[in-house]
1. Apply the Karplus curve 6.51 cos²θ - 1.76 cosθ + 1.60, θ = phi - 60°, to the phi angles in region 63-71 and return the couplings in whole Hz, x for Gly and Pro.
2. For every other residue with a beta carbon closer than 13 angstrom to the beta carbon of Val112, add +1 if it is Lys or Arg and -1 if Asp or Glu, then tell me the sum.
3. Under 5 Å between amide hydrogens, which residues at least 5 positions from Met184 or on another chain qualify, with H placed 1.01 Å from N in the peptide plane?
4. Mind listing the phi-derived Karplus ³J(HN,Hα) values for region 180-196, rounded to whole Hz, using 6.51, -1.76 and 1.60 with θ = phi - 60°, and x for any glycine or proline?
5. Work out from phi, with θ = phi - 60° and the Karplus expression 6.51 cos²θ - 1.76 cosθ + 1.60, the ³J(HN,Hα) of each residue of region 222-232, listed in order in whole Hz, and give x for Gly and Pro.
6. Kindly identify region 104-206 as rounded, prolate or oblate by the Cα gyration tensor criterion: order the square roots of the eigenvalues as a ≥ b ≥ c, call it rounded if a/c is under 1.5, otherwise compare a/b with b/c, prolate if a/b is larger, else oblate.
7. For region 10-90, what size does the Cα cloud have along each of its three principal axes, sorted from largest down, in whole Å?
Amino acid sequence: MSDRTLGTFPDLIDPTAGIAKHLQLQNILRRFVEQRGAAGSAIPSERELADHFGVARMTVRQAIDALVADEVLERVVGLGTFVARPKVDLQIKLTSYSEEMHRRGMVPDARVLSFEQIGASHLVARELQIDHGQPVIRFRRQLLADGEPMSVDENFIPAVHVPGMLDEEPPTSLYRVLSERYGMLIEWGEDTIEATAASASIARLLNVELGAPLLKIQRHAYVSRSMVDYSVSYYRADRYKLWVPLQRPGMRTPRSYHPGRHPGS
């Protein structure tokens with residue numbers, strides 16, 4: 001595999017060009033990824049690249065380090081270096097997962113892990129501001145995009161708000177069911193975002209290594225002043241980047257901006 005890949009590099013290092021060798025190699029690798037590199041495919045090892053281009057391993061490492069920093073390549077400990085898969089910009093909105101994935105041109109899917117009524121644990125009761133043991137609907141899913149695991153979501157809803165919910169099939173869009181069937185349009189919410197490491201069970205569901213970095217988001221969602229949903233989500237850090245628009249209070253936004261969109265595009 002590596003030999004075939006090396007044979008596809010049309011350029012070589014020019015020692016007379018007056019440009020540092022690691023910069024030349026960086027440009028060669030970048031062009032290769034842009035033109036021929038499939039997302040998730042491996043590139044040759046540092047030793048193979050050093051032998052092919054006639055440069056030191058340190059020169060190769062400098063070029064790869066720069067491309068990893070630019071999110072063109074990604075390293076996986078123990079496996080090698082790969083063409084980076086594009087990250088989804090995680091915008092914090094009160095919309096459903098399926099709506100967000102459709103907007104990005106991806107095919108959403110979900111695997112239901114649990115859909116049941118349980119008594120609220122001390123933690124869930126505290127977060128929902130209800131009594132310990134009060135019935136809640138627990139809805140846990142593995143969310144996918146284009147067939148690949150992206151996140152694990154777990155929602156807790158006081159059962160008193162959603163009578164008969166378990167009599168139907170698990171919803172494909174929770175917020176839509178809350179709105180259309182129960183008249184509860186989620187109006188606002190509060191998110192807490194933190195970095196965490198994948199536990200054994202979450203790692204299996206997300207197809208990542210044990211201890212891999214994740215984004216953990218806890219949400220409290222409200223209808224008026226009433227909290228109707230508490231959720232905990234674990235997002236793959238290698239597939240998401242967090243985009244948070246900022247604005248000074250009292251100032252108008254001069255133009256619309258979206259990550260990855262350049263002026264005039």
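Bear in mind that the values in this text are calculations on the coordinates, not laboratory data. The structure presented is a predicted model; accordingly, all values stated were derived computationally and were not measured. Here Cβ is always computed from backbone atoms with ideal geometry, including for glycine, and neighbour counts include all displayed protein chains.
1. With coefficients 6.51, -1.76 and 1.60, one gets 5, 5, 4, 5, 6, 5, 4, 7, 6 Hz.
2. On the way: positive: Arg111, Arg138, Arg140, Arg141; negative: Asp109, Glu116, Asp153, Glu154, Glu168, Glu169.
The answer is -2.
3. Ser179
4. After applying 6.51 cos²θ - 1.76 cosθ + 1.60, I find 6, 8, 10, x, 10, 7, 5, 9, 7, x, 10, 10, 10, 10, 8, 7, 8 Hz.
5. Here the 3J(HN,Hα) series is 10, 10, 6, 9, 9, 7, 10, 7, 10, 9, 10 Hz.
6. Working: a/c = 1.66, a/b = 1.25, b/c = 1.33.
Oblate shape, in that a/c is at least 1.5 and b/c is the bigger or equal ratio.
7. Rounded to whole Å, the extents work out to 44, 24, 20 Å.
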